Every structure is written in C-alpha cells, then in structure tokens.
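The values are calculated or read from the model by the stated rules, or taken from the named source; none is laboratory data. Just so we're clear, the structure is a prediction, and the values are computed from it rather than from any experiment. Please note: Cβ atoms are built from the backbone with ideal geometry, for glycine as well, and neighbour counts cover all protein chains shown.
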2 protein chains.
Amino acid sequence: MKTQQTAEGAARPAGRPRSEKADRSIIEATLELLGEGIGVSELSIESIASRAGVGKTTIYRRWSNKEDLVVDALATLKPPIPLPQGGTVRDDLVTYLRVIQEETRHHRTRCIMNIAMSDSERHPRLAERFRQLAVEPRRAVVAAVLRRGMETGELRADLDVDMALALLSGAMIWLTKWSHADASQADLPERIIDEALKGFRSRPSIAEP
Amino acid sequence: MKTQQTAEGAARPAGRPRSEKADRSIIEATLELLGEGIGVSELSIESIASRAGVGKTTIYRRWSNKEDLVVDALATLKPPIPLPQGGTVRDDLVTYLRVIQEETRHHRTRCIMNIAMSDSERHPRLAERFRQLAVEPRRAVVAAVLRRGMETGELRADLDVDMALALLSGAMIWLTKWSHADASQADLPERIIDEALKGFRSRPSIAEP
DNA sequence: GGATTATGAAACGGTCCCGTTGCGTATCGG
DNA sequence: CCGATACGCAACGGGACCGTTTCATAATCC
C-alpha cells in the first residue's frame, strides 16, 4: 500500500511516469498551430499529435477536451516584457504603444490576438485566460505610469486610468486593423499619445510645448 | 441566335430563369449562420443549403467558393443608421458611442464583428468589404461631427480626425471586450468622450465647465 | 409541343477528424 | 524479474462535408 513520496510530498503512482517532454511538445505544437492562423474550432487533436510527434492517446490521456488543452497552452505564453520606464510619462506611453506595434508585426501575435478577440466569445475560460495573461499585466504597467504622471502633475489628477488605457490600446488595435494608411507608420504611437494627452477640446490660448 | 432583350437591355438567356427567391434565402441563411457564431471556416455549404431549403447545386451554380458567397452576403448588410446629429459635439459623440454600445448588445452584431476582426486576416476581400461597409461610413459621420466642432472652435483646430475616431471607437470596443466591470454600464460613452475631450495632460488652472 | 435551363433531392467516392481500442515496447517501483 | 503504467503506432466504426453527378420536375422562350 505504501507508495514512495517525492521530495514535494506528492504520492508517486506505480508504473512508468508521464513524459514531461511529451507534455511540452504537445503544448508547443498547439501554440504553433494557433500561431499559424488555425482557429480553435479548426484545431484538431490529430494535427496536434502529428505536429508534436506524439500519439493521440497521449493527448487524450492528459486533456479531456480541446478547450482545456488550449487554455493550458496559452497559460505558458509569457507576457512580453512591457515597458522600460524611466522618462517622461509621454515617453513611457509611446514606448508602450511601440511594443504593441512591434508585436503586431509578427503574424503569430496577430493570430493569437484574433483568437483572443473571437474565440473568447464561445469559450469564456479562454477569455478569462487572456484577460489575466495579456490584458491585466499591461493594465497594471500602464496604470503605474499614469499614476506616476498624476502625482508629478504631468497628468490630470482626476484621470480615469482604465478609460485612458482603453483609449490608448483600443486606438492602436483599431488603427493597425482598419487604417487605410500603412499600418507600419513609424509615428503612429506618438500621434496617438499626443492626441490623447492634448485632448480634443480647444483650450483658450495656451502655448503648446 | 437572337435573344430577347429585357427592359434593361440585358440579354435574356433561354430556359428557366434563376430564382431570385433562392438567391435571397441563400444569402439570408448565410447571414443567419454567421450571426449565430459560426465562423467563416466552419461555415459549410451543406448547412447553408439545408437552412435555406435549397439544393447544394443551386449554391454551387452561383458561387464558385465560400468566400465569394460570404462577401456577397455581407454586402447586403445595411450599415445601421449612425447618428442623429444636432446638439453639441460632445452630445453627438456620446450618441455615436451609444449606438455602438447598443449594437454590441446584440449577439448577432458581436458575431459579425468577430468575423470582421478575425477572418479578415485570412480573407483580404472580407476585410475590404468590412472596411467600406462598416468602418468608412462611421468614419465619415464622426469626421463630419469633429470637423464641425473644429470650425465652431469647440475642438482644437489641429485635431487629427482619424486619430480621434480610432481613440473613440477603439476604446469602446476594448472596454466592451475586456472591461471587468459590467460592459452594459450606461455611462460608458460619456466617460470615454469626456476623457478624450479633456485629454490626459493637466492644464494650468483652468476651470472645467 | 419542343428546346433549354434551373431546381430540389439523393447518391456518389473521397477526405478529414472524431474518440476508442489493441499492440508491442519502454520505463518506472519493488 | 514482476507488476504497473505510459509510450507511439495503427486500426477501428462513425460522422460531417466536400464537390460532382444523376434524375424527375418546373419554368421560360420559340
């Protein structure tokens, strides 16, 4: 009845242990396929198994359905380092948008973003994963920058941080998706930030820096 | 060799004419399925035929591939009446975002938006259709409002109209997609507009209205 | 009526994928 | 070595669609 205890104290079941290498290649194959534009609904277990060099059995033994597998796979994506912050608030925000813009250049990133936008509708757990994986870290970083600006007086003290994040991120995504102009415009981040900083309303005769 | 000329001058081919009713039900069935969350890649000709009460032959006779059919189907979507404009620029912009917010409540609209965002990556002709169908009309309407504000002095004279549209629309989409808070917040449009109008930057002691 | 074309239904062979099972082999604990 | 479990592989029966073809019927022109 006695089973060997691992260092972590988990009960070690008898027999051949599961291959961590198989785990990794399954996850990696899943991410590869998603990154090539395969949507969750088109993603087939067989294609994953084939890509990973693994039997279907090995996959079914670990995940009972596709959504679970995709959720786990996405969990391994590391949020890209978001921001070297240090300059003025404007500079930091520009840098932030530049990172997004650069990410958007990669086909893989665009595919993942598409999954986040679309498949989340039918898979709430995916949506939650994306929120905590991609949205929340960025929100936190930008919020820190904005709050710093609010303290130094560079920004309005009553700024709505969530609203500001939505304006900036939303604008970047919208433009890269729908702008007629070449989306690779180098000055897009600056233009977005400056419009957002200045605001649309006219101001009675204040010299702009 | 002679063929009868219709009133429009088009050559009338011999034999039974194609059923316009079939045309319509095919298009309608396609939009129904897309509106239920079926993505373009999952959309099957057989399901369309079945839904439309039509033989597959009838579909294949008119469209040689799925993308063509979807493009034609989307072309029949009328852009929702965008804006009763009349009040202040702020009021008109709030109304504009309210329309978007209201549309987003409908599951069908969200599905169509998802297709616009995701499937456009793989189907450039779809992207183009969406641009001229949904994006451009809105851009035009909002641009008109903004320009009016620039003329009356309510808005900055050097406002970047495209950037402003991106900020507003992008923020709305971003928030309805990723906001933790209840997306049906009634005051979302006002909050977006006001942040955008005021701008993030602090202003040296100017009383806010 | 006769020629011509369209229509819905059904069936075709073919492909892809499903989720499961059996097989021979590999890797663990005891 | 032995029992237990995991492995990759191949095969299973079953389902969904593909794009095409055949067929009896319907609509239009002459």
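Brief remarks follow.
- Considering (1) surrounded by 14 or more Cβ atoms within 10 Å (Cβ to Cβ); (2) more than 15 Å from DNA strand C (Cβ to nearest atom); (3) touching a residue at least 24 places away in the same chain (Cβ under 8 Å), the lone condition that B:Ile27 does not fulfil carries the number (2).
- Residue satisfying all of: in the stretch A:47-71; more than 16 Å from DNA strand D (Cβ to nearest atom) and of a type in the set (A, V, I, L, M); nearest to the other protein chains (Cβ to nearest Cβ) among these: A:Val70
- Residue in the stretch A:110-144 that is surrounded by the fewest Cβ atoms within 10 Å (Cβ to Cβ), counting only those that are modelled with pLDDT of 95 or more and of a type in the set (Val, Ile, Thr): A:Ile112
- Checklist (1) closer than 20 Å to A:Gln132 by Cβ; (2) free of Cβ contacts under 8 Å to residues at least 12 places away in the same chain applied to A:Asp72, failing item: (2)
- Scanning the stretch A:29-46 for residues that are under 24 Å from A:Glu121 (Cα atoms) and away from chain B (no Cβ under 14 Å) yields a total of 5.
- Hey, A:Ala166 free of Cβ contacts under 8 Å to residues at least 12 places away in the same chain and at the interface with chain B (Cβ under 10 Å from one of its Cβ atoms) or not: yes
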